[in-house]
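Step one of this worksheet: look at the structure below.
The values are calculated or read from the model by the stated rules, or taken from the named source; none is laboratory data. Just so you know, these numbers come straight off a predicted model, no measurement behind them. For neighbour counting, all protein chains shown are included, and Cβ atoms are generated from backbone atoms with ideal geometry for every residue, glycine included.
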Amino acid sequence: MDMSALNPVAIAVALIVAATPLVFAAIGELVVEKAGVLNLGVEGMMIVGAIAGFAFTQETGSTTVGVLAALIAGALLAALFAFMTQVLMSNQVATGLALTLFGLGLAAMIGQPYSGIPAPPFPELAIPGLSTLPVIGPLLFAHDWLVYASLVLTAGVWWLLNRSRAGLILRAVGENHDAAHAIGYRVVAIRTAAILFGGACAGVGGAYLSMVAAPLWVEGMTAGRGWIALAIVVFASWKPWRAFLGAYIFGGVSIAQLNLQAMGVAIESQYLSMTPYLVTIVVLVIISADKARARMNAPACLGRPFFAAG
Amino acid sequence: MKRLSLLAAAAAFALGAGAAQAADPLKVGFIYVGPVGDFGWSYEHDQARQAVEAEYGDKVETSYLESVPEGPDAERALRQMAQSGHDLIFTTSFGYMNPTLKVAKQFPDVKFEHATGYKRAANVSTYGSRFYEGRHVIGLLAGEMTKTNTIGYIGSFPIPEVVRGINAAYLAAKSVNPDVKFKIVWVNTWFDPGKEADAANALIEQGADVIMQHTDSPAAMTIAEEKGIFAFGQASDMKQFGPNARLSSIIDHWAPYYIERVGAMMDGTWESTDTWGGIDSGMVGIGEFSDKIPADLAAKATAAKEAIIAGELHPFTGPINKQDGSAWLAAGETADDGTLLGMNFYVEGIEGELPK
Amino acid sequence: MTWAGPLLAVALTMIFGMILFAVLGKDPVRTILIIFWEPLTNDFSRSELLVKGTPLCLIAVGLALGFRAGVWNIGAEGQFIVGAIAGGAAGLAVYDTAGIWVLPMMCLAGAAAGAAWALIPAILRIRFNANEILVSLMLVYVAGLWLSALVTGPLRDPDGFNFPESRIFHDSATLPILIEGTRAHVGALAALAAVVLAWIALERHEYGFSLKLFGQAPRAARFAGYREARVVMLSMAVSGGLAGLAGTFEAAGPVGQLVPALPVGYGFTAIIVAFLGRLHPGGVLLASALMALTYIGGEGAQLEMRLPAAAISVFQGMLLFFLLGMDVFSRYRLAPSKARLARRAQGGAA
């Protein structure tokens, strides 16, 4: 095995491609969970975003329209979840699972005419001058705009949650919906907004897969990434930058595996793949064990339905 | 109604080829592991199904079930087909082997054709393709076309089928380029476009400038196109995914076999067989060569293909040693099918350990 | 009254389903008949309803008990897989041994493994306050990868040419069949027994009372002297054990070996089934039958009407949405009072 063959820059670039869909989906779900809602339908929203992005890019020739369509498609599917859980008060866990089933089927149905077509190239937003620098050029300044968007999104959500009044309200709703309601916040409206935001993000995450990472459309192409996004949110203990990092770690495990193999290192890939999940459990235990710290992170009302009964 | 047609079919068999069939179309069923739109394995089987329909017109009636997981649902899907009066059922993935045999036992009058398996019965045939012959041809191309002397190979599972392909391609590449090296990545899935793309990227980072794959999605091809390197279509031609990257392809042509077997059912000559068709049978298609390939190399590859068809060239012809240096084939000796079907070792020169 | 909601939901699904099928160019009425009626008309499909419904029912009954107490085990899929692994491994360990003790041993191993897998989130919740929804979900992935590692490693069929699957279980490690010539196995009886026992526990036994009390008024339950830890442990162990048992049944029954594709999502579907059955054992039984019906009927429709598999899952998704959504009407009609709503709020929490 030849370690010198390892090109850290190239691996980092591959890592960015693998992690970006996860960043979008995880950040979206993080906001949803911060509002006290558990939407297990991330996989369904991602794949609907993947086909919407791909299809609209094909039809219009514009990747921007594609991304926009993915965003709307994800939000639309999320709207269904919001209507079910916030208005009809159906159970969130069951509804989220149904959403995944529905989304996978819907995407496959819509996508039938689109399989077997290559995706048009996604424009890279290489920053002139900087992108040609050695090492940091390809690492920092030569990506598609969605990569930068994922950074902006993470920063934005961090700011929203920690520095803005809207974030304070959102967290209050997730923390104690009865109290928030008593103060006069419209719990259902706020949660619905968060759910739509989460859906939009998941949609874009899916579109990244079909438009940049793979880039093509085939049925079932999200291959469980929506579920990984759910794990990342917990791993991150509901903190945006940690979710960003988590996406890179979860994505990184698979990249590391493939690169190690390509270098000729024999590894038991399944056991390596398990580790992020086990680490997530450990992280969860650590942040939950200290009740004071747990309260700062985990939304207390996560998954609890709110009834305006007072 | 269903029972009636089943009875009619059974009666027809009892009487040998009879008039009953002329009135009643032959019902042929197909079970696919993926969606028909996967543009790989299942897609090609479905293309062959359509070819059967085109060949026999209203003398045949086909139906299929797609995305049937290789778990508990496979047996039901099979039984449902057998029960609803299908006369011949193609089960097109390895994981259907045991369910196929179970159902075949209960429906002795229905004939089954199982792809890539190794268990047969009186009414169960098996069939597969000698894809390694195709691997030999594209291995030659890869060996000559690589500038970095590094060929990346995306493997699914370390089963004989895949190992055989690696060995055949390596031997061919090595024969034209003694410095060639294979980098092999196992993704442990047949189908995950994201992961296949990641694997292609990892191989490219390790210096590979030609990618071969034994997985089903065209993701690696799209990455090769993006990175400006070469790749080969797998299962289907995949030209549209890599107009510049694609050098050639190994195409699964199931149509000749399916048409032949359906025909055998119609004239009552069907019997349980084990078919392992190569390029000569038409089951292994070699996609047209890209114009990136120099004319003399194209001629060399074409000559190899012709020699394989003529039976003059066997991709596994000694002297060949196993990876550990022990002798496998003496000079001039060719591999027997038994060893090939159970192949669980790398040949000498391939680096890395075959996952056990 | 309780019937009106589900019936309306099914009716709505049929209407929207017919629109969907018509848009796809298929005969809508015929397709609906194939999905909802034809599976009931022949022996084979009826037996397959048992095959498909058994794991759903077994798992969902256990989950429903826990959900009643506000114990959110959503990792039944993982417990199912671990149950299949343990039961299967136990059977393979004594490969080629005849004996009537083999199957009971496998079932015991499977149920114990499932329960143990479920106790991990239970203990972490009690001891460290960790959210059991998330822990149990994480453990699903771990279990799936473990199964994959085992069938490509130690449990792989030595004569199987490196294909990732175990040996086929020998006869004494295979479940007895209920109806000759079908796949309906004795697991169906176990599922039925689970329904009855859960029903009795819920309505007549103190355990059921403590579950309901914890679900509806945790504080009152604590005052009454019930220990939360006990309820959590017991709920998780019971649901995990049943899921593990279902896994063993699946491996030793319809599949007959360990394969990576063994889990087909029963553990997740069972969560939906538990809610469709309104967390009542009787309801769960009906809901699993309905779900099984749409699966079997859906395959029939694929075959006969040449419907794409995707259309079937869209159709199933619609059915679930309508059923879950319709609950709201019965809830409001039946529960006009504020106090009752509040109780529901906690009882139906996710």
Run C:GLY244 past the list (1) crowded, with 23+ Cβ neighbours inside 10 Å; (2) of a type in the set (Gly, Ala, Ser); (3) touching a Pro at 6+ places or on another chain (Cβ under 8 Å) and report the number of the one that doesn't hold. (3)
Filter the stretch B:205-226 for residues that are modelled with pLDDT of 90 or more and surrounded by fewer than 24 Cβ atoms within 10 Å (Cβ to Cβ); which is farthest from the other protein chains (Cβ to nearest Cβ)? B:ASP209
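For the structure I just gave you, tell me whether C:VAL196 is part of a helix (DSSP H, G or I) and in contact with an Asp or Glu (Cβ under 7 Å, 6 or more places away or on another chain).
Answer is no for this residue.
Just one of A:MET89, A:MET109 is surrounded by fewer than 24 Cβ atoms within 10 Å (Cβ to Cβ), at pLDDT below 95, of a type in the set (A, V, I, L, M, F, W, C) and not in a helix (DSSP H, G or I); which is it?
None of the other options fit; the residue is A:MET89.
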For the stretch A:273-301, give me each residue that is more than 7 Å from every other protein chain (Cβ to nearest Cβ) and either touching a Gly at 6+ places or on another chain (Cβ under 6 Å) or modelled with pLDDT of 75 or more (or both). A:THR275, A:PRO276, A:VAL279, A:VAL282, A:VAL283, A:ILE286, A:ILE287, A:PRO299, A:ALA300, A:CYS301
Return a yes/no flag: does the stretch B:85-98 have any residue that is part of a helix (DSSP H, G or I), of a type in the set (Ser, Thr, Tyr) and within 12 Å of another protein chain (Cβ to nearest Cβ). yes
In the stretch B:83-122, anything surrounded by 22 or more Cβ atoms within 10 Å (Cβ to Cβ) and either more than 20 Å from the chain's Cα centre (by Cα) or without any contact (Cβ under 8 Å) to a residue 12 or more places away in the chain (or both) is listed as B:HIS86, B:ASP87, B:LEU88, B:PRO99, B:VAL103, B:ALA104, B:VAL110, B:LYS111
Residues of the stretch C:177-187 classified as away from every other protein chain (no Cβ under 14 Å) and touching a residue at least 24 places away in the same chain (Cβ under 8 Å), total: 1
Can you tell me which residue in the stretch C:264-291 is farthest from the other protein chains (Cβ to nearest Cβ), limited to those that are within 16 Å of B:GLY71 (Cβ to Cβ) and surrounded by fewer than 24 Cβ atoms within 10 Å (Cβ to Cβ)? C:GLY265
Which of the following residues is within 21 Å of B:ASP274 (Cα to Cα) and either modelled with pLDDT of 95 or more or away from chain A (no Cβ under 14 Å) (or both): B:GLY128, B:GLY71? B:GLY128
Looking only at the stretch B:311-340, how many residues end up being under 20 Å from B:THR116 (Cα atoms) and surrounded by fewer than 16 Cβ atoms within 10 Å (Cβ to Cβ)? 4
Any chance C:PRO6 is buried (at least 17 other Cβ atoms within 10 Å of the Cβ), in a helix (DSSP H, G or I) and modelled with pLDDT under 90: yes
Of the listed residues (C:ALA69, C:ALA60, C:ALA64), the one being more than 14 Å from chain B (Cβ to nearest Cβ), surrounded by 24 or more Cβ atoms within 10 Å (Cβ to Cβ) and at pLDDT below 90 is C:ALA69
Is it the case, given these coordinates, that C:GLY110 is in contact (Cβ under 8 Å) with a residue 24 or more places away in the chain, more than 14 Å from chain A (Cβ to nearest Cβ), part of a helix (DSSP H, G or I) and crowded, with 24+ Cβ neighbours inside 10 Å? yes
Matching residues in the stretch A:127-175 (modelled with pLDDT under 85 and out of contact with any Phe, Trp or Tyr (no Cβ under 8 Å at 6 or more places or on another chain)) number 14
